[in-house]
1. Just one of the numbered conditions (1) modelled with pLDDT of 95 or more; (2) outside any loop (DSSP other than H, G, I, E, B) is not true of residue 88; which one?
2. Whether any residue in the stretch 61-71 is in a strand (DSSP E or B) and hydrophobic (A, V, I, L, M, F, W, C) is what I want to check.
3. Which ranges mark the strands (runs of 3 or more DSSP E) fully within the stretch 333-411 that have 1 or more residues being closer than 28 Å to residue 289 by Cα?
4. Which residues, counting only those in the stretch 126-140, are within 16 Å of residue 90 (Cβ to Cβ), out of contact with any Ser or Thr (no Cβ under 7 Å at 6 or more places or on another chain) and surrounded by fewer than 14 Cβ atoms within 10 Å (Cβ to Cβ)?
5. Tally time: how many residues in the stretch 37-49 are free of Cβ contacts under 8 Å to residues at least 40 places away in the same chain and farther than 11 Å from residue 367 by Cα?
6. Can you name the residue in the stretch 344-368 that is surrounded by 23 or more Cβ atoms within 10 Å (Cβ to Cβ) and under 30 Å from residue 63 (Cα atoms) and is also farthest from the ligand (Cβ to nearest atom) among such residues?
7. Test each condition in (1) within 23 Å of residue 361 (Cβ to Cβ); (2) surrounded by 13 or more Cβ atoms within 10 Å (Cβ to Cβ) for residue 407 and report the one that comes out false.
8. Hey, among 282, 316, which residue is in contact with a His (Cβ under 8 Å, 6 or more places away or on another chain) and either away from the ligand (no atom under 16 Å from the Cβ) or β-branched (Val, Ile, Thr) (or both)?
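The values are calculated or read from the model by the stated rules, or taken from the named source; none is laboratory data. Every value quoted in this text rests on a predicted model; they were computed, and no experiment measured them. All Cβ positions, even for glycine, are placed from backbone atoms using ideal geometry, and neighbour counts span all protein chains on display.
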Amino acid sequence: MANTEHSFEEIVNHLVTSGFVYPGSDIYGGLANSWDYGPLGTLLKNHVKDLWLRHFVREIEYNVQIDPAIIMNPKVWEATGHVANFHDPLVDCKYCHSRYRADDLVKSQCPDLDVDGMDQKALNETVQSGKIVCPKCGKNQFTDIRQFQMMFKTFIGVTEEKSSTVYLRPETAQGIFVNFKNVLRTTRRKLPVGICDIGKAFRNEITPGNFTFRTREFEQMEIEFFFRPGEDEKWFAFYKENCKAFVERLGLRDDHVRYRDHEKEELAFYSSATTDIEYLFPTIGWGELMGIACRGDYDLGRHMARSGQDLTYLDPETHEKYLPHVVEPSFGLDRLMLALLMDSYDVETLNEGKDSRVVMHLAPELAPYTVAVMPLSNHLIEPAAELFKKIHPYFDAIFDTTGSIGKRYRREDAIGTPLCVTFDFDSQNDGMVTVRERDSMKQERVAITDLVEYIRHFLDSRRA
Ligand code: GAP
């Protein structure tokens, strides 16, 4: 795997032109920082989700998956403190009207200041001190900080009245907490129990950007793991190990991944420990992929107080009644995908510098298509199509008939297809096809009757 020698922009350009990602609402001129996944991006996304589900749901005996609603009773967000506190500090340049997050602005220009430890007054004084300049126009005059609510509001019902205001969820986690009792009751499980969810979350970010790294609509893969108070360290360590193993399974380069424990001052008041997994993106540097947080009984406690429902757990063995504690591993799916795409992109020189190819060295089980089937000549389209029909019920496969075989190989390399199968004139007589592997570019003849098994074995042998 490669990558530090290619810029963020170069790789984004490849992802957009090859169809992993499209600009959102493209035919209307787009919508700022909105992106749609094309067929390639969607397949990759499905494969990352499948791996996450296998790793965290199927292979961890304590865990189950649910799929809660995006729009929840607004009392949920009052209980969690999101209505009161899910704000970003916003300032505008008085000259060019560019808008910034005040904390990001100060952090980028005064790296020695402890910005996370500042209250709003101190942050505002720093912004107004004259030392901070607008990155766009260079002037140093800003409006006072205003708090900007990051939850998207919408309305249910036919009138836009206050009584029917609801929010698009800013995290999937709360759909899990409000279902804690339902899951325990209906699954008859005992603690520890992990409840997992994959779904969309929405945040009205002041400064979205860096392609799909920070958007207003994104997907999260979250787990709330409930256990007996006092076992916090044990389960935190368990999930740190498991998240690390998951990142290794994805195949990201070791030296592009780091684990960052939060300092005491950085921790939310209810959290006893938090670790972030970060990835070294080209050009933009280290960025957070996910966080693992010890959240104690904060969320269940808030929901119990606000809803009036008893969310305590009665231990069937010890007969103790307690409010479970929680460890939360929270992955951003879009950021994971972006890291995978950045990490796997490479431009290789071939034939002693006479030729080159763009290649995505994605792990074979994650690549959008596992296999491309190609007829060598237009005269062979029919039997090759028959072969394709045999393959694609088992694997994500593509039938590619246009251009020379060399061009088709390059096209498949550029989207990460690990195997290309060519049906040639001999295939009709000897029942064999040529299988070409993406990374080594080695070719071998394989019997058509063995092909499904061959591909299965190839995938299994490359799984981490
Ligand atoms: N329930 C905890 C929670 O939501 P978070 O750190 O705010 O924690 C978790 O979000 C993950 O979601 C982040 O590590 C990141 O990968 C992803 N994420 C958060 N905001 C995002 C955004 N605006 N665009 C894309 N991904 C985002």
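1. In the conditions (1) modelled with pLDDT of 95 or more; (2) outside any loop (DSSP other than H, G, I, E, B), residue 88 misses (1) alone.
2. yes
3. 345-350, 355-360
4. The one that is within 16 Å of residue 90 (Cβ to Cβ), out of contact with any Ser or Thr (no Cβ under 7 Å at 6 or more places or on another chain) and surrounded by fewer than 14 Cβ atoms within 10 Å (Cβ to Cβ): 135.
5. 2
6. My answer is 364.
7. (2) is the only condition that residue 407 fails.
8. Selected residue: 282, the only one of 282, 316 that is in contact with a His (Cβ under 8 Å, 6 or more places away or on another chain) and either away from the ligand (no atom under 16 Å from the Cβ) or β-branched (Val, Ile, Thr) (or both).
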